[in-house]
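Asker: So that we are looking at the same thing, I have put the structure below in structure tokens.
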Amino acid sequence: MITQETYSQSFLQLLAQQYPSIQAASMAIINLSANLDLPKGTEHFISDVHGEYEAFSHVLKNGSGSIRRKIEEIFSNSLLDDEKRNLATLIYYPEQKLPLILKNVENDAEWYRITLFRLIKLCREVSSKYTRTAVREALPDDFAFIIEELLHEQESVANKQEYYQSIIETIISTNRGDAFVVAMAELIQRLAIARLHVIGDVYDRGPGAHIIMDKLLDYHAVDVQWGNHDILWMGAAAGSEACIANVIRICLRYGNMETLENGYAVSMLPLASFAMETYADDPCERFKPKVSTDEFTQSEIQLMSKMQKAITIIQFKLEAQIIQRRKHYGMADRLLLDKIDFDNGTICLNGQDHSLLDTHLPTVDPDDPFRLSEKEKSVLERLRISFANSERLQKHVRFLYAKGGLYLIYNGNLLYHGCIAMNEDGSFATVRVDGETFEAKSFMDRLDRLARQGYVASDPEQKLYGQDVMWYLWSGAHSPLFGKKKMATFERYFLADSATHQEGKNAYYALRDKPETAVKILEAFGLDPNTARIVNGHVPVEVKKGESPVKANGRLIVIDGGFSKAYQDKTGIAGYTLIHNSYGFLLASHAPFESTQKAIEEGLDIHSKTEILEANFTRIRVRDTDEGRQIQAKIHQLQALLAAYREGEIKEQ
């Protein structure tokens with residue numbers, strides 16, 4: 001039995017302010033103890049969304065198919081397939097689907113009556129894992145009392161049946177049916193998933209990263225493991241000029257100006273003016289964006305080409321400056337502008353001369369190639385201010401810092417986006433800084449701290465150091481977010497020899513298939529390899545080639561299957577998501593999502609195949625989770641307070 005001596009008198013006095021009597025402390029212990037025996041909530045893992053907001057939104061709404069599975073379980077023998085599909089679509093998109101359904105309904109009141117009872121029945125099922133208090137907190141204000149009454153309907157009590165029927169009839173007769181359907185649908189969506197884990201890369205090629213971030217801001221329980229593209233935008237928001245240049249270059253390369261200009265109101269006018277002046281007669285063929293003429297006019301493509309070239313050269317200069325001031329990054333091999341022979345139009349790499357595909361470099365001074373011109377400095381300063389003043393971007397980045405990190409240990413599992421840098425022999429790669437050696441967890445912890453320093457530090461030197469680390473996380477050889485030996489941006493633009501374009505994956509990606517690798521990593525993070533799993537993203541699983549997302553005998557699961565449309569030809573699917581419920585792990589593979597419009601109008605759900613990775617004979621309870629351990633700690637504190645009350649150490653209030 002815990003006694004009051006376990007905790008200090010001052011701590012118990014503070015606790016007594018919240019629980020001022022023996023009765024209050026006792027009731028809290030009873031309630032908390034009961035919570036421990038509830039089934040654990042459903043965790044939803046999603047990764048590498050890359051700005052594809054429509055597909056992301058749909059997977060979020062359907063809980064990777066979990067809502068449809070519940071509909072099948074509950075209504076398998078009472079509804080036709082079309083009715084199940086329409087009910088699912090109504091839950092995903094209630095406001096849009098309602099008018100389409102009602103257009104073909106003869107008796108509105110009867111439809112509302114039937115539909116509301118179905119929604120209540122489904123909601124009662126998905127809410128069964130939660131305490132009444134937790135459900136109450138999720139209820140919409142307008143209908144909180146009514147929904148709570150209906151969810152706890154006592155069907156066996158005859159004198160209550162007319163009461164519940166009357167509630168439904170009154171909702172219909174007062175024309176509140178639509179609003180109630182929407183409220184129930186949104187409540188079902190919320191209760192279907194207890195916690196969302198985003199395993200990195202909200203940002204990149206897709207047009208709606210800002211829309212996804214808005215949704216995450218409003219999500220009831222979420223954490224984010226930073227991806228390489230996320231850290232790049234975070235660095236840009238923090239003021240890292242190298243990160244800013246990379247963000248803009250990538251947006252221009254893939255014609256994704258929606259997030260930059262419309263989403264975050266970052267003005268491209270300074271760069272456009274500079275590019276038009278500097279490269280007026282240069283076609284910039286090597287810098288044509290990867291877009292079609294259906295999306296952009298020839299004039300727009302020409303302008304984006306010039307802008308991309310201008311920001312790319314600026315990027316190379318800025319990166320070289322970081323490499324020179326941070327010798328310990330060990331990236332001297334990426335200093336390239338000084339290797340150019342401007343007279344012959346060649347560059348010497350590893351003792352071999354290569355002809356440049358583009359030799360028009362008017363802003364590069366052969367005598368001081370890494371120096372920014374005054375006009376380049378002016379452009380950069382105006383871009384930096386634009387990023388800093390974007391309220392929406394800064395709000396999103398603050399959220400990523402508050403809810404995110406380089407890795408997360410949650411319910412005994414290890415979540416991270418990229419890799420744990422390793423050597424070919426299976427040992428962890430080490431990095432030595434200021435006489436200290438870092439590897440695996442200690443390296444991740446250091447980088448996480450410095451990335452935060454780059455955003456919040458008040459000391460200019462500390463802030464710059466942190467911002468440089470954010471760029472290193474984007475492209476450094478030992479970066480746990482990058483996972484390659486080099487980023488061959490220069491080679492891809494300027495050299496024809498494809499051998500120079502090879503970036504070389506870290507040994508981790510060859511070793512992660514082996515059970516001993518997963519065991520080594522889990523033990524390094526203090527986890528039990530017999531029960532823990534690693535959930536990983538970053539590199540798309542090439543299903544077309546027979547690659548499996550389940551590796552290391554099930555200890556490591558890769559859930560990047562190609563959410564981004566750009567990768568789907570290569571992967572053959574449109575992403576993996578993972579569900580961890582009270583019965584075990586389920587892996588869902590998804591077919592490409594056509595459009596929100598088709599989902600609403602035709603009831604087209606994302607076709608998903610579900611594979612059971614782990615089925616527990618004994619259902620996992622809250623007591624077996626991180627939340628359960630927190631509850632146990634709270635119970636121990638309350639038991640100590642109770643003992644203090646009963647022994648007269650603390651007075652009841």
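The values are calculated or read from the model by the stated rules, or taken from the named source; none is laboratory data. Note that the coordinates shown come from a computational prediction; the quantities given were computed from them, not determined experimentally. Neighbour counts are summed over all protein chains in view; Cβ atoms, including those assigned to glycine, are modelled from backbone coordinates with ideal geometry. For accessibility, only protein heavy atoms count, side chains too; no ligands or nucleic acids. Shrake-Rupley method; radii C 1.70, N 1.55, O 1.52, S 1.80 Å.
Asker: Only one of the values [x] 206; [y] 157; [z] 191 was calculated from this structure for volume of the Cα convex hull per residue in Å³; name its label.
Answerer: Read-out from the structure maps to [x].
Asker: Relative contact order for the chain: what percent, with Cα pairs under 8 Å and sequence separation of 6 or more?
Answerer: Relative contact order for the chain comes out at 21 percent.
Asker: Heavy atoms of the protein only, probe of 1.4 Å, neighbouring chains included. What is the accessible area of R555 in Å², nearest 10?
Answerer: Spelled out: R555, probe radius 1.4 Å, area about 60 Å².
Asker: Which of K463/K486; K327/K484; K84/K215; K309/K377 have a Cα-Cα distance over 22 Å?
Answerer: Going by Cα-Cα distance, K463/K486; K84/K215 fall outside the 22 Å limit.
Asker: Would you mind working out the magnitude of the charge dipole of the chain relative to its Cα centre, with +1 at each Lys and Arg C-beta and -1 at each Asp and Glu C-beta, to the nearest 20 Debye?
Answerer: My answer is approximately 1040 debye.
Asker: Roll a 1.4 angstrom probe over the protein heavy atoms and tell me the percent of accessible area of the range 130-258 that is carbon or sulfur.
Answerer: For the range 130-258, the apolar C and S fraction of the accessible surface comes to 44 percent.
Asker: To the nearest µm²/s, what D does Stokes-Einstein give for the range 231-290 at 4 °C and 1.567 mPa s, using the Kirkwood radius over alpha carbon pairs as Rh?
Answerer: 104
Asker: Per residue, how much accessible area does the range 243-285 show when a 1.4 Å probe rolls over the protein heavy atoms, in square angstrom?
Answerer: 35
Asker: Calculate how steeply helix 241-253 sits against the longest principal axis of the alpha-carbon atoms of the chain, using the helix alpha-carbon long axis, and give the answer as 0 to 90 degrees to the nearest 10.
Answerer: Rounded to the nearest ten degrees, it is 90.
Asker: Label the range 1-114 by shape, choosing from rounded, prolate and oblate, from the square roots a ≥ b ≥ c of the eigenvalues of the Cα gyration tensor; if a/c is under 1.5 it is rounded, and otherwise prolate applies when a/b is larger than b/c, oblate when it is not.
Answerer: Taking the square roots of the gyration eigenvalues as a ≥ b ≥ c, the range 1-114 is prolate.
Asker: Please give the contour-minus-distance gain from H501 to D82: 0.36 nm per residue of separation, less the Cα-Cα distance, rounded to one decimal in nm.
Answerer: Using 0.36 nm per residue and subtracting the Cα-Cα distance, I get 145.7 nm.
Asker: Sticking with this structure for a sec: Of all DSSP beta bridges located in the chain, what percent are antiparallel, nearest 5?
Answerer: The answer is about 70 percent antiparallel.
Asker: Okay, next question. Going Cα to Cα from K103, which lysines come in below 18 Å? Please leave out same-chain ones fewer than 8 positions away.
Answerer: K598
Asker: Hey, another quick one. Calculate the length of the line joining the C-alpha centroid of the range 173-249 to that of the range 88-133, in whole Å.
Answerer: Here the two parts' Cα centres lie 25 Å apart.
Asker: Aspartates and glutamates within cross-link reach of K403: Cα-Cα under 19 Å, excluding same-chain residues under 8 positions apart?
Answerer: Result set, ordered by chain and number: E43, D48, D201, D214, D218, D223, D230, E391, D445, D448, D626, E627.
Asker: Sequence neighbours fewer than 8 away in the same chain don't count; with that in mind, list the aspartates and glutamates whose C-alpha is under 16 Å from K520.
Answerer: E424, D425, E439, D528
Asker: Measure nothing but the geometry: give the 0 to 90° angle between the long axis through the Cα atoms of 515-524 and the longest principal axis through the Cα atoms of the chain, rounded to 10°.
Answerer: 80
Asker: Compute the angle between helix 158-173 and the longest alpha-carbon principal axis of the chain, please, reported from 0 to 90 degrees and rounded to the nearest 10.
Answerer: In the chain, helix 158-173 runs at an angle near 50 degrees to the longest axis.
Asker: Can I ask one more? Using Cα centres only, tell me the gap between the range 287-344 and the range 1-74 in whole Å.
Answerer: 48
Asker: Let me check against my output: what whole-number percent is the relative contact order of the range 285-367, with C-alpha pairs under 8 Å and at least 6 apart?
Answerer: Once normalised by length, the contact order is 19 percent.
Asker: To the nearest 500 deg cm²/dmol, what mean residue ellipticity at 222 nm is calculated for the chain from DSSP H runs of n ≥ 4 alone, each contributing -39,500 (n - 2.57), summed and divided by the residues?
Answerer: Value at 222 nm, helices only: -15000 deg cm²/dmol.
Asker: Still on this structure, please answer the following. Along the charge dipole of the range 63-142, pointing to its positive end and built from +1/-1 on Cβ of Lys, Arg, Asp and Glu, which listed residue (P99, T115, I67) has its Cα farthest out?
Answerer: Highest projection toward the positive end goes to I67.
Asker: Further question on the same structure: Using a 10 Å Cβ count of at most 11 others and DSSP loop calls, identify the longest part of the chain lacking such GluC sites (Glu not before Pro).
Answerer: 425-646
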